[in-house]
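In what follows, a structure is listed as structure tokens, so that the remarks can point back to it.
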Amino acid sequence: MSTTARHLRIAVIGAGASGIMALIKLREAGYDDVVAFEKAGDLGGTWRDNRYPGLTCDVPSLAYRYSFAPNPNWSRVCAPGPEILAYVRGVAERHGVEGQIRYDSEVVRAEFSGGRWEIETVQGAQGAFDVVITATGVLHHPVYPDIPGLADFAGDCFHTSRWDQSVSLAGKRVGVIGTGSTATQITAAVVDEVAHYSLFQRTPQWIMPAPNPEYTEDQTAEFQARPELLETEYKRLNDQQGVGFADAVVGESPEMYAKIDAFCRQNLATGVRDPELRRKLTPDYKVGCKRLIISENFYEAIQKPNAELVTETIQRIEAGGVRTADGRLHELDVLVLATGFNTHQFFRPMTVTGRGGVALADAWAERNEGYMCVVTPDFPNWFMIGGPNSPIGNFSWLVTAENQLGYAMKLMDRLRSDNAREIAPKPEAARAFNEALIAKLPDTVWASGCKSWYIDGQGRVASWPWTYETFLKDMAEPVLEDFEIA
Ligand code: NAP
């Protein structure tokens, strides 16, 4: 075994929150030949794309942060989206990694050839890289509803992740299709400003109330003066979300699940006065089956006199508005599509070809499957932040991403220090991982019978079904016997 450090040329795909983190951590570890290819003209990923009114991260900001960049200056417990984008941008600037990003460079092809990854972007061939790290995000392929007549609408119409900021909603008749986290936040943010607000609900949602107070000047000053407080708060919040919520939804903490369940039911019972509206807002599936919505003001907003919850099925969209199955035309000036994202598309339409000409499209034809969410057989030196079955419960994505990158970097160290050329999980290890995963899925609340973006095209839960502790333990040290290292 050689101890000579080998120079590695590394491509990061994506310059969102995870890609920025990867650039910083790689530099810190001494990798000095790293480039990030970003499809858009700016960094920030989901926080760049989403600009809708009310955009907030429902994970407390003291937990939604890079471990190496604690921030004492959040304005609120759960900071608004633009503040998070400014945080990500500020961290990138402070660490001087912006120069490593190539913008308007969507990767269209990646092919493993001669032991390296040939990368091609829309700009053309980019040469060969020893390692690829994908940081392409989870919620970024917008779903447009397949409703007849969508193109006939005469007013302004856009998906929430493509918000048209030139359009004022003031005094207008506004309709929103969807009742996920996004629609819920928009409802509370715009209802007071519009003339009439119609929320088109196909499925009601459980809602957990959580206050989102501003930090006082004194609190901020204390966070600034005593950085250890940020760490204490981080640990407390992470315990609450990680050990608390995440364990409850995977069936490992029935007491905590019962508390969350009771809290949501009580919120509905006490938050909605009219029994008929309450009935319409009552889900027929278990709390947490769909991603739980956190909102302290949605129920109040939907009960405003100018707001209407429309539960009749949408039949078609016409020039003047939305026609429902009861024959009524809901006249609208603006139609917002809060219809979510395709979370199972991963890197597609990128063409990825691994060892021996294996196409990822074929390897994943039946379903997206990897090993430990980070690697996949036949695709050596290809590391995924947010790969198949990543832990995507309600807890901080930045924490998940940092742990996954840490795992990938331990494997990359082998490539660097042991002079290994290729590292990929053994097919039998990946098979065993996926068998164990399938066996555990029925314990999770996501598998209890509802439709959500956690369920893949084949009807199987696509999230991490174990506890947060298991995730941390698995990410801490790769089991090298599970890998082919050549
Ligand atoms: P979503 O949760 O997938 O919700 C999409 C909504 O659109 C659902 O209510 C769905 O109804 C409805 N819908 C889709 N197609 C439809 C159609 N053809 N006709 C009628 N209704 C249709 O999407 P999202 O609200 O954008 O949220 C996605 C995820 O983004 C969240 O779960 C969360 O992870 C993340 N997010 C986070 C925050 C945050 O604060 N951290 C904020 C926003 C979003 P059905 O339920 O019937 O399918």
Sole residue being acidic (Asp, Glu), more than 16 Å from the ligand (Cβ to nearest atom) and surrounded by fewer than 17 Cβ atoms within 10 Å (Cβ to Cβ), chosen from ASP192, ASP247
ASP192
Go through (1) surrounded by 15 or more Cβ atoms within 10 Å (Cβ to Cβ); (2) away from the ligand (no atom under 14 Å from the Cβ) for CYS57 and report which single condition fails.
(2)
Would the stretch 9-17 turn up any residue that is under 30 Å from LYS410 (Cβ atoms), open to solvent by 40 Å² or more (accessible area, probe 1.4 Å) and in contact with a helix residue (DSSP H, G or I) (Cβ under 7 Å, 6 or more places away or on another chain)?
no
Of (1) within 16 Å of the ligand (Cβ to nearest atom); (2) surrounded by fewer than 20 Cβ atoms within 10 Å (Cβ to Cβ); (3) part of a loop (DSSP other than H, G, I, E, B), PRO305 fails just (1)
Return yes or no: is VAL479 surrounded by fewer than 18 Cβ atoms within 10 Å (Cβ to Cβ) and either among the aliphatic types (A, V, I, L, M) or in contact with an Asp or Glu (Cβ under 6 Å, 6 or more places away or on another chain) (or both)?
yes
Read through the list (1) within 16 Å of the ligand (Cβ to nearest atom); (2) within 17 Å of the chain's Cα centre (by Cα), then give the number of the only condition that GLU83 fails.
(2)
Checked the stretch 419-471 for anything touching a Gly at 6+ places or on another chain (Cβ under 7 Å) and within 16 Å of the ligand (Cβ to nearest atom); matches are THR444, VAL445, TRP453, SER463
Search result, residues across the stretch 15-64 that are more than 30 Å from GLY244 (Cβ to Cβ), in a loop (DSSP other than H, G, I, E, B) and within 15 Å of the chain's Cα centre (by Cα):
ALA15
Can you find even one residue in the stretch 268-290 that is in a strand (DSSP E or B), under 19 Å from PHE395 (Cα atoms) and within 16 Å of the ligand (Cβ to nearest atom)?
no
Right, ALA183: more than 12 Å from the ligand (Cβ to nearest atom), buried (at least 20 other Cβ atoms within 10 Å of the Cβ) and within 17 Å of the chain's Cα centre (by Cα) or not?
no
If you go through the stretch 280-302 one residue at a time, how many are of a type in the set (S, T, N, Q) and open to solvent by 20 Å² or more (accessible area, probe 1.4 Å)?
2
Specify which of the listed residues (SER105, SER113) is of a type in the set (S, T, N, Q) and either within 30 Å of ILE177 (Cβ to Cβ) or surrounded by 15 or more Cβ atoms within 10 Å (Cβ to Cβ) (or both).
SER105
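The values are calculated or read from the model by the stated rules, or taken from the named source; none is laboratory data. Everything numeric in this text was worked out from a predicted model, so none of it was measured. All Cβ positions, glycine included, derive from the backbone under ideal geometry; neighbour counts span all protein chains shown. These accessible areas exclude ligands, DNA and RNA; they are computed on the full protein's heavy atoms, side chains included. Shrake-Rupley method; radii C 1.70, N 1.55, O 1.52, S 1.80 Å.
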